[in-house]
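Worksheet: one structure, shown below.
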Amino acid sequence: MLEVPVQGVAGQDEGRMAHVRPGRSQLMTGVRANGSVSTGQKECPFCAETIKAAAIKCRYCGSDLLPPAEEQEPQDVRDEVAAPDDVETEAEPQAEVEGEGESGERAGFAERWLGDGSRVLTAVLGVLVLVAGGLLWLAVDMASNDDVAPGGELTAAGSRAAIMEHSVGLAQTVMSYQAASAEKDIAAAKKLMTPAMQKEYDKTLPGEDKRKEQADLGIKVDAEVAPLSEEGAKAAEEGKACVDEDCAASIISATEESAKVLLFVNQSATAPKTKNTVVSPTWEVLTLVKHDGGWLISEMKAAS
């Protein structure tokens, strides 16, 4: 058996002797036959000696060693990267499920309230719309046909025009007179007056003796409401009366029971035997009252 001195690392002679047998190689402590270090041991980075894995200082060369780092299991980066995608992928179906749940809840709410009577509700709503439309049409129709304002004044043009037309006929009849047919003309005029107005009318008539004298002279009094247009004036010269809206008549006030009308009347008196003609234009105000569906003169006076 041979003894061979072994020189230490870093120039230190430790005086250790290795017992070497002929034909066999020396094996270091903790070094396996295949040259790898056993579990729980490591090699010193300075002297390459095998030392404990937990050693912080080499027992051979005395070098300070770093404490062993805790081994961490390798993390799979692919799992970390894929994790957000997985979360998003899972969140989307969840949103769809929530949406389906809400729509289902709304549908359930509608079904609870409507149920099988939805068609009935639709029909009822349709009827209500028709009724509302009918009421609106009736209100508009009544408003359009309403001749009376809130204060009682007649506002419809047709009603006012009818009063003016009627007042023209009344004035022309009452203010016209023929001495030869005096009794007949006076009776016709009184039919268009109220009893009070008849009494006032009698005061304006000539006496019996005067009427006989006028009859001998052929006196005739004609009253015509003046026309407004030139055409009407030409027609009046030919003995034609004014027509409707062309007559000089205007409503001062009018209700369903009474009316006041202003008229411009041309009154002419002629005596054929004397060939004299006297024309007296005048403004007359007629007060009318409703009687038996028609109009009577309750007052007649010259406008001041």
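Of all the numbered requirements in (1) at pLDDT 90 or above; (2) under 23 Å from residue 302 (Cβ atoms); (3) out of contact with any Asp or Glu (no Cβ under 8 Å at 6 or more places or on another chain), residue 181 misses one, and that requirement is (2). Against the test of being assigned to a strand (DSSP E or B) and either in contact with a Ser or Thr (Cβ under 7 Å, 6 or more places away or on another chain) or assigned by TED's automatic domain parsing to the domain that holds residue 215 (or both), the options 236, 241, 259 yield a single qualifying residue, 259.
Scan 181, 250 and give me the residue that is polar (S, T, N, Q) and either in a strand (DSSP E or B) or at positive phi (or both). Being polar (S, T, N, Q) and either in a strand (DSSP E or B) or at positive phi (or both) holds for just one of 181, 250, which is 250.
Criterion applied to 244, 202, 216 was being surrounded by fewer than 13 Cβ atoms within 10 Å (Cβ to Cβ), of a type in the set (Asp, Glu) and in contact (Cβ under 8 Å) with a residue 60 or more places away in the chain, and the one residue passing it is 244.
Set side by side, the residues 270, 274 differ, and just one is of a type in the set (Ser, Thr, Tyr), surrounded by fewer than 14 Cβ atoms within 10 Å (Cβ to Cβ) and over 60 Å from the mean Cα position of the chain (by Cα), which is 274.
Scanning region 263-304 for residues that are part of a strand (DSSP E or B), hydroxyl-bearing (Ser, Thr, Tyr) and within 28 Å of residue 235 (Cβ to Cβ) yields 268, 270, 277, 280, 282.
The values are calculated or read from the model by the stated rules, or taken from the named source; none is laboratory data. Being a predicted model, the structure only gives us computed values, none of them experimental. We place every Cβ from the backbone using ideal geometry, glycine too, and count neighbours over all the protein chains shown.
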